[in-house]
Amino acid sequence: MKYPKSYHTMILSALCLLISTLPAQAQKPQTSTAENPVWYHIQVLGDGDRTGRVMTELTDGGVYGRTLIDSDNTAETAAQLWRVETAENGYRFVNRKSGRYLNVRYDENRNIGMAVTDRQPCDFRISEAAAGGGSYFNIAAFRTPSGADPSETYLHQANSGGSRDYVIMMVGNDYSGSENSAFHFVEFEENRLAYSDGETTRWYRIYNADARLDGLCLQQNTQAAAGGASFFFAGEQSDNARQEWKLVENEDGTTGFVNCATGDVINTETRTNGLLNIVQSAVAATAGTGWTLAYIGKGQYTIAGTESDGITRYLNATEETGEPDTFLPSDNHQGTGFAFRFKLTAEVPTGISGPAPANAPLKIRTENGKIYVESHSRFAIHTASGLLVNGNDRLPSGIYLVSAGGETVKVYVR
């Protein structure tokens, strides 16, 4: 995606109507494979300047506690991400950047420090920590380096004194209650957005980061007249295509937001409605539908568009009444009506719309919200999330899986 180098002018009060501090909720890690990875930040409870650091692989192969890198560029965060595998004696940890295993070693100062290695990975045990109120875990190595004290098995974030530099080291079990031996696993959410293209269509749900709209996502009101105030926030419904949006790249590098149910796009031109400038819809991704996204941290983006008067304004999810907030470029907009989060809900081959391709194993057509399968009187229809639906009913717009004769085809009902 292309982002602006700087913000310009003031406000857009729009749309008529989630990580700096990682959530301290106990979560034993899910094991995964290289083919289907689940990535985690491993964050220490800590104390003082050691609070909240995450385990990070550095270029020397050592593992250190470092401040969380909050970026939408996965390449920048990869050294802080770990995958967990099941091992004979517990678990093994694999770093995303290097692909190597967490291991134990002596460093040159005879501190027992953690490292990554291609060989002889170490197994680790995970148990609830005394510190952290039940939300953190102790991580203990199944073995220690040759010559080390056999009791030194607990992972521990060192202080900054001497050459330790917050290295992740191993200490005896008398440190198991320390805040710097208490870790929790926070699943990583990919923040980077991707356009739909000629090969893949990607559908997103769009949420506002303001707590007043917690759990609500952007929906197009298909009952509104063309050019009306056609967007609002509603509770998430898994099969509501009006809540699904794809991102398309315009020729000028801006982003268009296309609704799954209607094909309409969000227009940068607004109309005045009392104290609000209301965002309207357009029927095609033409001039006046180009938005610029900027990542602001915590998995959130601002969305800016330039209107025909030459002023750049920002989407803002406001309350129904009251004077809109003013956008100041120097403000931290995280968690406000100006901040939006995106959740990828589906990736499907581009071109799934209406009838299946001619070379599909099943010949399928859609009409007035119903699905028909040629030469099959019996067939099953499931939503993209796996829910079986009644094929005799008129279906909401969305993506469905149609199964008959041992074959399954994805179909888009408009």
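The values are calculated or read from the model by the stated rules, or taken from the named source; none is laboratory data. Everything numeric here is computed off the predicted structure, so don't read it as measured data. Here the Cβ positions follow ideal geometry from the backbone for every residue, glycine too, while neighbour counts run over all protein chains shown. When the accessible area is computed, the model is the full protein with side chains, heavy atoms only, and any ligands, DNA or RNA have been set aside. Shrake-Rupley method; radii C 1.70, N 1.55, O 1.52, S 1.80 Å.
Summary table below
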read-out: Mean Cβ neighbour count within 10 Å, used as a protection proxy, ranking 294-300, 152-158 highest first; value: 152-158, 294-300
read-out: Percent accessible area from carbon and sulfur atoms, region 156-300, protein chains only, probe 1.4 Å; value: 43
read-out: Region 365-414: Rg to Rh, with Rh as the Kirkwood radius over Cα pairs; value: 0.90
read-out: Proximal aspartates and glutamates to LYS363, defined as alpha-carbon separation beneath 12 angstrom and excluding residues fewer than eight positions away on the same chain; value: GLU374, GLU407
read-out: Computed accessible area, GLU367, all protein chains, 1.4 angstrom probe, square angstrom; value: 90
read-out: Candidate residues TYR91, TYR314: accessible-area rank, largest first, probe 1.4 Å; value: TYR91, TYR314
read-out: Region 39-192: relative contact order as a whole-number percent, Cα under 8 Å and 6+ apart; value: 26
read-out: Per residue convex hull volume, Cα atoms of region 114-205, in Å³; value: 193
read-out: Net charge over other residues, Cβ less than 14 angstrom from the Cβ of SER196 (K, R count +1; D, E count -1); value: -3
read-out: Computed E for THR383/GLU407 - FRET, C-beta separation, R0 22 angstrom, nearest 0.05; value: 0.75
read-out: Cα pair distances of region 63-183 binned at 10 Å [whole percent]; value: 14, 43, 37, 6, 0
read-out: Under 13 Å, Cβ to Cβ, from PRO29 - net charge with Lys/Arg +1 and Asp/Glu -1; value: +2
read-out: ASP165 versus ALA194: modelled label distance in nm, points set 7 Å from Cα along the beta carbon direction; value: 3.5
read-out: Charge context of ASN95, other residues only, Cβ under 10 angstrom, K/R +1, D/E -1; value: +3
